[in-house]
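What follows is a single structure, written as C-alpha coordinates, with notes after it.
The values are calculated or read from the model by the stated rules, or taken from the named source; none is laboratory data. Source: prediction; values computed, not measured. When we count neighbours, we look across all protein chains shown, and the Cβ atoms used for this are built from the backbone with ideal geometry, even at glycine. For the accessible areas, the whole protein counts, side chains as well, though only heavy atoms, and no ligand, DNA or RNA atoms are used. Shrake-Rupley method; radii C 1.70, N 1.55, O 1.52, S 1.80 Å.
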Amino acid sequence: MLKFYDVNFRYENNEKYLIENLNFQVDNREFISIIGPSGCGKSTIFRLITGLEKADSGNIFINDENINNLKGYIGYMPQRDLLMPWRTISENACLPLEIQGKNSKEAKSEAEKLLEAFGLGKYKDKYPKDLSGGMKQRVSFIRTLLTGSDIMLLDEPFSALDAITKISMQEWLLEQWSNLKKTILFITHDVEEALFLSSRVFVISEKPITKLKEIIVPAGYPRDRHVLNIPEMMDIKEELVNELKQRVEL
Ligand code: ADP
Ligand code: MG
(Lines give C-alpha, C1' and ligand atoms only; values in the text may rest on other atoms or scores of the structure.)
(Ligands and ions follow the chains in the order given, each with its own letter.)
Protein backbone atom coordinates (compact mmCIF):
# COMPACT_ATOMS: atom_id res chain seq x y z
CA MET A 1 0.00 0.00 0.00
CA LEU A 2 2.67 2.49 1.11
CA LYS A 3 6.36 1.99 0.62
CA PHE A 4 9.40 4.12 1.42
CA TYR A 5 12.41 3.03 -0.55
CA ASP A 6 15.81 4.48 0.44
CA VAL A 7 14.32 7.90 1.13
CA ASN A 8 16.65 10.79 1.96
CA PHE A 9 15.45 14.22 2.91
CA ARG A 10 16.71 17.45 4.42
CA TYR A 11 15.10 20.88 4.64
CA GLU A 12 16.71 23.36 2.30
CA ASN A 13 18.13 25.61 4.99
CA ASN A 14 19.55 22.70 6.99
CA GLU A 15 22.91 21.09 6.51
CA LYS A 16 21.93 17.85 8.12
CA TYR A 17 19.64 15.23 6.76
CA LEU A 18 16.50 14.63 8.76
CA ILE A 19 15.73 11.33 7.03
CA GLU A 20 18.46 9.01 5.80
CA ASN A 21 17.99 5.89 3.70
CA LEU A 22 14.62 5.21 5.23
CA ASN A 23 12.78 2.07 4.23
CA PHE A 24 9.43 0.89 5.48
CA GLN A 25 6.22 -0.58 4.25
CA VAL A 26 2.59 -0.41 5.30
CA ASP A 27 0.02 -2.88 4.08
CA ASN A 28 -3.51 -2.28 2.94
CA ARG A 29 -5.98 -1.64 5.80
CA GLU A 30 -3.36 -1.56 8.52
CA PHE A 31 -3.59 0.83 11.42
CA ILE A 32 -0.07 2.08 12.12
CA SER A 33 1.00 4.55 14.76
CA ILE A 34 4.19 6.55 14.55
CA ILE A 35 5.58 7.66 17.87
CA GLY A 36 8.67 9.68 18.67
CA PRO A 37 9.93 12.78 20.46
CA SER A 38 8.91 16.23 19.34
CA GLY A 39 10.95 17.55 16.42
CA CYS A 40 12.22 14.14 15.28
CA GLY A 41 10.52 14.38 11.88
CA LYS A 42 7.16 12.63 12.20
CA SER A 43 5.15 15.34 10.47
CA THR A 44 7.84 15.55 7.81
CA ILE A 45 7.18 11.91 6.90
CA PHE A 46 3.56 12.89 6.22
CA ARG A 47 4.61 15.95 4.26
CA LEU A 48 6.74 13.69 2.06
CA ILE A 49 3.85 11.28 1.47
CA THR A 50 1.51 14.09 0.46
CA GLY A 51 4.10 15.70 -1.79
CA LEU A 52 4.25 18.92 0.26
CA GLU A 53 7.98 18.18 0.50
CA LYS A 54 10.05 16.28 -2.05
CA ALA A 55 12.54 13.59 -1.12
CA ASP A 56 16.13 14.42 -2.17
CA SER A 57 16.55 10.85 -3.30
CA GLY A 58 14.75 7.55 -3.02
CA ASN A 59 11.16 6.77 -3.84
CA ILE A 60 7.78 6.64 -2.18
CA PHE A 61 5.11 4.39 -3.61
CA ILE A 62 1.40 4.21 -2.97
CA ASN A 63 -0.23 1.10 -4.42
CA ASP A 64 2.93 0.59 -6.49
CA GLU A 65 2.58 4.03 -8.04
CA ASN A 66 5.40 6.49 -7.45
CA ILE A 67 3.87 9.43 -5.58
CA ASN A 68 5.44 11.79 -8.13
CA ASN A 69 3.01 10.35 -10.69
CA LEU A 70 0.05 10.03 -8.39
CA LYS A 71 -3.17 11.54 -9.72
CA GLY A 72 -5.52 11.14 -6.77
CA TYR A 73 -5.48 12.91 -3.44
CA ILE A 74 -4.08 11.73 -0.15
CA GLY A 75 -6.17 12.19 2.94
CA TYR A 76 -4.12 14.29 5.32
CA MET A 77 -5.32 15.70 8.60
CA PRO A 78 -2.51 18.02 9.66
CA GLN A 79 -1.46 18.63 13.22
CA ARG A 80 -3.14 22.00 13.52
CA ASP A 81 -6.21 21.25 11.57
CA LEU A 82 -8.28 24.32 12.14
CA LEU A 83 -11.59 24.44 10.44
CA MET A 84 -12.23 27.71 8.66
CA PRO A 85 -14.24 29.82 11.11
CA TRP A 86 -16.12 31.71 8.40
CA ARG A 87 -17.39 28.53 6.72
CA THR A 88 -20.26 26.44 8.05
CA ILE A 89 -19.63 22.84 9.06
CA SER A 90 -20.84 21.46 5.74
CA GLU A 91 -18.86 24.11 3.82
CA ASN A 92 -15.76 23.05 5.76
CA ALA A 93 -16.35 19.35 5.20
CA CYS A 94 -16.93 19.69 1.46
CA LEU A 95 -13.68 21.54 0.78
CA PRO A 96 -11.80 18.57 -0.77
CA LEU A 97 -14.67 18.05 -3.21
CA GLU A 98 -14.56 21.69 -4.27
CA ILE A 99 -10.83 21.41 -4.74
CA GLN A 100 -11.44 18.39 -6.96
CA GLY A 101 -13.68 20.56 -9.13
CA LYS A 102 -17.18 19.65 -7.98
CA ASN A 103 -19.59 22.58 -7.98
CA SER A 104 -20.26 23.84 -4.50
CA LYS A 105 -23.90 22.76 -4.32
CA GLU A 106 -23.06 19.18 -5.26
CA ALA A 107 -20.05 19.16 -2.94
CA LYS A 108 -22.15 20.42 -0.04
CA SER A 109 -24.85 17.86 -0.54
CA GLU A 110 -22.31 15.04 -0.63
CA ALA A 111 -20.64 16.32 2.54
CA GLU A 112 -24.01 16.64 4.25
CA LYS A 113 -24.80 13.00 3.56
CA LEU A 114 -21.62 12.02 5.32
CA LEU A 115 -22.22 14.41 8.22
CA GLU A 116 -25.63 12.85 8.61
CA ALA A 117 -24.14 9.35 8.61
CA PHE A 118 -21.70 10.41 11.31
CA GLY A 119 -24.46 11.86 13.51
CA LEU A 120 -23.47 15.46 12.82
CA GLY A 121 -26.33 16.29 10.45
CA LYS A 122 -27.93 18.80 12.75
CA TYR A 123 -24.74 20.82 12.93
CA LYS A 124 -24.31 21.24 9.18
CA ASP A 125 -25.26 24.92 9.15
CA LYS A 126 -23.45 25.77 12.37
CA TYR A 127 -19.97 27.24 12.55
CA PRO A 128 -16.84 25.65 14.07
CA LYS A 129 -17.14 27.86 17.17
CA ASP A 130 -20.48 26.18 17.97
CA LEU A 131 -18.93 22.69 18.21
CA SER A 132 -16.98 20.93 20.95
CA GLY A 133 -13.35 19.90 20.38
CA GLY A 134 -14.30 16.27 19.75
CA MET A 135 -16.98 17.24 17.23
CA LYS A 136 -14.59 19.52 15.37
CA GLN A 137 -12.13 16.66 15.03
CA ARG A 138 -14.92 14.46 13.66
CA VAL A 139 -15.63 17.13 11.05
CA SER A 140 -11.93 17.28 10.17
CA PHE A 141 -11.92 13.52 9.84
CA ILE A 142 -14.95 13.65 7.52
CA ARG A 143 -13.23 16.33 5.49
CA THR A 144 -10.17 14.08 5.19
CA LEU A 145 -12.41 11.18 4.21
CA LEU A 146 -13.95 13.23 1.41
CA THR A 147 -10.62 13.33 -0.39
CA GLY A 148 -11.59 9.79 -1.40
CA SER A 149 -8.14 8.54 -0.44
CA ASP A 150 -7.61 4.89 0.64
CA ILE A 151 -4.90 6.02 3.00
CA MET A 152 -5.48 8.51 5.78
CA LEU A 153 -2.64 10.37 7.47
CA LEU A 154 -3.70 11.66 10.87
CA ASP A 155 -1.20 13.91 12.62
CA GLU A 156 -1.84 14.00 16.39
CA PRO A 157 -5.56 14.47 15.83
CA PHE A 158 -6.55 14.07 19.49
CA SER A 159 -3.64 15.69 21.28
CA ALA A 160 -5.57 18.86 22.14
CA LEU A 161 -8.59 17.04 23.57
CA ASP A 162 -9.27 16.41 27.24
CA ALA A 163 -8.59 12.87 28.49
CA ILE A 164 -12.16 11.60 28.44
CA THR A 165 -13.03 13.03 25.02
CA LYS A 166 -9.78 11.60 23.74
CA ILE A 167 -10.70 8.10 24.86
CA SER A 168 -14.11 8.27 23.26
CA MET A 169 -12.59 9.64 20.05
CA GLN A 170 -10.12 6.74 19.97
CA GLU A 171 -12.95 4.25 20.23
CA TRP A 172 -14.87 6.17 17.60
CA LEU A 173 -11.88 6.15 15.25
CA LEU A 174 -11.36 2.39 15.57
CA GLU A 175 -14.99 1.87 14.68
CA GLN A 176 -14.69 4.11 11.60
CA TRP A 177 -11.50 2.41 10.55
CA SER A 178 -13.10 -0.99 10.70
CA ASN A 179 -16.21 0.17 8.79
CA LEU A 180 -14.41 2.20 6.16
CA LYS A 181 -11.66 -0.32 5.43
CA LYS A 182 -9.01 2.39 5.09
CA THR A 183 -5.30 2.33 5.81
CA ILE A 184 -4.46 4.69 8.65
CA LEU A 185 -1.14 6.20 9.67
CA PHE A 186 -1.49 7.96 12.99
CA ILE A 187 1.10 10.19 14.62
CA THR A 188 0.96 10.48 18.38
CA HIS A 189 3.03 11.29 21.45
CA ASP A 190 0.86 9.09 23.59
CA VAL A 191 2.09 5.53 24.18
CA GLU A 192 -1.29 4.21 25.36
CA GLU A 193 -3.03 5.77 22.41
CA ALA A 194 -0.60 4.12 19.99
CA LEU A 195 -0.99 0.72 21.65
CA PHE A 196 -4.75 0.90 21.90
CA LEU A 197 -5.27 1.88 18.27
CA SER A 198 -2.71 0.17 16.14
CA SER A 199 -1.61 -3.22 14.92
CA ARG A 200 1.98 -2.02 14.64
CA VAL A 201 3.77 0.92 16.22
CA PHE A 202 6.74 2.55 14.51
CA VAL A 203 9.06 4.09 17.06
CA ILE A 204 11.47 6.86 16.10
CA SER A 205 14.30 7.14 18.57
CA GLU A 206 17.14 8.66 16.61
CA LYS A 207 17.93 11.66 14.49
CA PRO A 208 18.38 11.49 11.57
CA ILE A 209 15.69 8.91 11.05
CA THR A 210 17.37 5.91 9.46
CA LYS A 211 14.86 3.31 10.52
CA LEU A 212 11.56 2.86 12.25
CA LYS A 213 11.66 0.38 15.07
CA GLU A 214 8.63 -1.81 14.73
CA ILE A 215 6.54 -3.06 17.63
CA ILE A 216 3.79 -5.53 16.88
CA VAL A 217 0.87 -4.93 19.22
CA PRO A 218 -0.14 -8.20 20.85
CA ALA A 219 -3.91 -7.78 20.47
CA GLY A 220 -6.44 -8.29 17.71
CA TYR A 221 -9.58 -6.38 16.69
CA PRO A 222 -12.16 -5.50 17.74
CA ARG A 223 -10.54 -4.48 20.96
CA ASP A 224 -11.47 -2.57 24.05
CA ARG A 225 -9.37 -0.71 26.57
CA HIS A 226 -8.84 -3.79 28.72
CA VAL A 227 -6.14 -4.91 26.31
CA LEU A 228 -3.96 -2.14 27.77
CA ASN A 229 -3.89 -4.04 31.05
CA ILE A 230 -2.70 -7.43 29.85
CA PRO A 231 0.84 -8.11 31.15
CA GLU A 232 2.46 -8.29 27.71
CA MET A 233 1.00 -4.91 26.83
CA MET A 234 2.12 -3.38 30.13
CA ASP A 235 5.68 -4.53 29.41
CA ILE A 236 5.64 -2.95 25.97
CA LYS A 237 4.19 0.25 27.42
CA GLU A 238 6.98 0.40 29.99
CA GLU A 239 9.62 -0.24 27.35
CA LEU A 240 8.23 2.46 25.07
CA VAL A 241 7.92 5.05 27.81
CA ASN A 242 11.53 4.40 28.83
CA GLU A 243 12.75 4.65 25.27
CA LEU A 244 10.98 7.94 24.67
CA LYS A 245 11.97 9.32 28.07
CA GLN A 246 15.63 8.71 27.37
CA ARG A 247 15.30 10.70 24.17
CA VAL A 248 13.77 13.62 25.99
CA GLU A 249 16.64 13.63 28.49
CA LEU A 250 19.28 13.78 25.78
P1 ADP B 1 7.74 16.30 14.56
O2 ADP B 1 6.46 16.26 13.77
O3 ADP B 1 8.30 14.94 14.85
O4 ADP B 1 7.59 17.09 15.82
P5 ADP B 1 8.73 17.79 12.26
O6 ADP B 1 8.67 16.81 11.17
O7 ADP B 1 7.66 18.82 12.32
O8 ADP B 1 8.84 17.03 13.67
O9 ADP B 1 10.12 18.56 12.21
C10 ADP B 1 11.35 17.88 12.24
C11 ADP B 1 12.49 18.87 12.26
O12 ADP B 1 12.52 19.61 11.05
C13 ADP B 1 12.40 19.88 13.37
O14 ADP B 1 13.70 20.07 13.89
C15 ADP B 1 11.88 21.12 12.71
O16 ADP B 1 12.36 22.27 13.34
C17 ADP B 1 12.45 20.99 11.31
N18 ADP B 1 11.57 21.62 10.31
C19 ADP B 1 10.24 21.39 10.17
N20 ADP B 1 9.72 22.09 9.14
C21 ADP B 1 10.76 22.79 8.61
C22 ADP B 1 10.90 23.70 7.51
N23 ADP B 1 9.86 24.03 6.73
N24 ADP B 1 12.14 24.19 7.27
C25 ADP B 1 13.19 23.86 8.03
N26 ADP B 1 13.14 23.01 9.07
C27 ADP B 1 11.94 22.47 9.36
MG1 MG C 1 4.62 17.08 14.16
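Overview of values
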read-out: Rounded to the nearest 20 debye, dipole of the stretch 10-60 from Cβ charges on Lys, Arg, Asp, Glu; value: 120
read-out: Convex hull of the stretch 81-148 built on C-alpha atoms - directionally averaged projected area, nm²; value: 4.0
read-out: Å² of accessible area per residue within the chain, as computed with a 1.4 Å probe and no ligands counted; value: 51
read-out: Estimated inter-spin distance, GLU238 and ILE167, nm [label 7 Å along Cα→Cβ]; value: 2.3
read-out: Simple spin-label estimate for ASN179 and TYR127 in nanometres, 7 Å along Cα-Cβ; value: 3.0
read-out: Charge-dipole axis of the stretch 81-148 as Lys and Arg at +1 and Asp and Glu at -1 on Cβ define it, positive-most pick from GLY119, LEU146, CYS94; value: GLY119
read-out: Under 14 Å, Cβ to Cβ, from THR188 - net charge with Lys/Arg +1 and Asp/Glu -1; value: -1
read-out: Within the chain, percent of DSSP bridges classed antiparallel, to nearest 5; value: 45
read-out: Solvent exposure, largest accessible area first (probe 1.4 Å, DNA, RNA and ligands not counted), of LYS16, LYS245, LYS237; value: LYS16, LYS245, LYS237
